[in-house]
Amino acid sequence: MDYRSIVLIILGILAVVFFLKLYFSYFPRPKFSYARLAARVGIFSALASVLYVVPIFSINLPFLPPFLALHFDEVPVFIAAYAYGPWTGLAVLIIKTIIKLPFTSTLCVGELADFIFSCAFILPAAFIYQKKRNLKGVAIGFGVGTLAQLIVALVLNVYAMLPFYMFVMGLSYETILGMCQSVNPAITDLGWPYAFMAVLPLNLIKDAIVIVLTFLIYRSIGRLLHYEGDKKRRAAN
């Protein structure tokens, strides 16, 4: 990914923020309904799917194997989960994953892994924020979610996902190890060296970027998205 792609990603995020603000400026106090919630799930699922499916939004790092890439589809999911609750975030995750399946290049193994890791990242944070809606809740949620995802990603990659991937794709241990060592000789085997030298840095970098983007965007449009605030404003009028 070159600098032009990065600029396009930034411009796309700014455009999403702008149009969401424009929409809610015309509909500042919508009355909650399940139909409206379904529409919101659809909107955030579409945004997440674009970030997940379109190759331009995927970034390969030079020191990581080519089958590991950064993607930021968790940002819309996080925003939906924070605004409307963790179950809404889960619905967005499910829809986003289903939309990606026809485009899979890993016989659905990568999508299954992404779904599990995203659940471990987003759902604990959303449940914590649901109970404590302030900056402290945001910080604790992000911290717990990051820790949960790192543990799940490390353990599952070593004991389940990577062996399953090799089985489904029909690739040998030596082939996968060669792909890893071609970019990072420090990966001496596909056990914990792979986990700590590939899975850990990938998730740390990705989680840091997702957290910053989620915080900045939600900070800008959170009050517009959160329908529960409408009741307080109507009561004050």
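Applying the condition of being within 22 Å of PHE117 (Cβ to Cβ), β-branched (Val, Ile, Thr) and modelled with pLDDT of 90 or more to the stretch 162-183 and asking which residue is surrounded by the most Cβ atoms within 10 Å (Cβ to Cβ) yields ILE176.
Among the numbered conditions (1) more than 24 Å from VAL54 (Cα to Cα); (2) open to solvent by 20 Å² or more (accessible area, probe 1.4 Å), the only one that GLY145 does not meet is (2). If only residues of the stretch 132-161 that are β-branched (Val, Ile, Thr) and under 21 Å from PRO201 (Cβ atoms) are counted, the one that is modelled with the lowest pLDDT is VAL158.
Condition check for PHE24 on (1) modelled with pLDDT under 90; (2) in a loop (DSSP other than H, G, I, E, B); (3) not charged (D, E, K, R): one failure, at (2). Once the stretch 94-128 is narrowed to residues that are aromatic (Phe, Trp, Tyr) and more than 15 Å from ASN157 (Cβ to Cβ), the residue that is most open to solvent (accessible area, probe 1.4 Å) is PHE103. Evaluation of TYR82 against the conditions (1) at pLDDT 80 or above; (2) open to solvent by 20 Å² or more (accessible area, probe 1.4 Å) shows that the sole unmet condition is (2). One residue stands out among those in the stretch 225-237 that are open to solvent by 20 Å² or more (accessible area, probe 1.4 Å) and within 17 Å of VAL41 (Cβ to Cβ): the one that is modelled with the highest pLDDT, which is HIS226.
The values are calculated or read from the model by the stated rules, or taken from the named source; none is laboratory data. Only a predicted model underlies this, so the values are computations on that prediction, with no experimental measurement involved. Cβ sites come from the backbone with ideal geometry, for glycine too, and all protein chains shown count toward neighbours. Heads up: the accessible areas ignore ligands, DNA and RNA and are worked out on the full protein's heavy atoms, side chains in. Shrake-Rupley method; radii C 1.70, N 1.55, O 1.52, S 1.80 Å.
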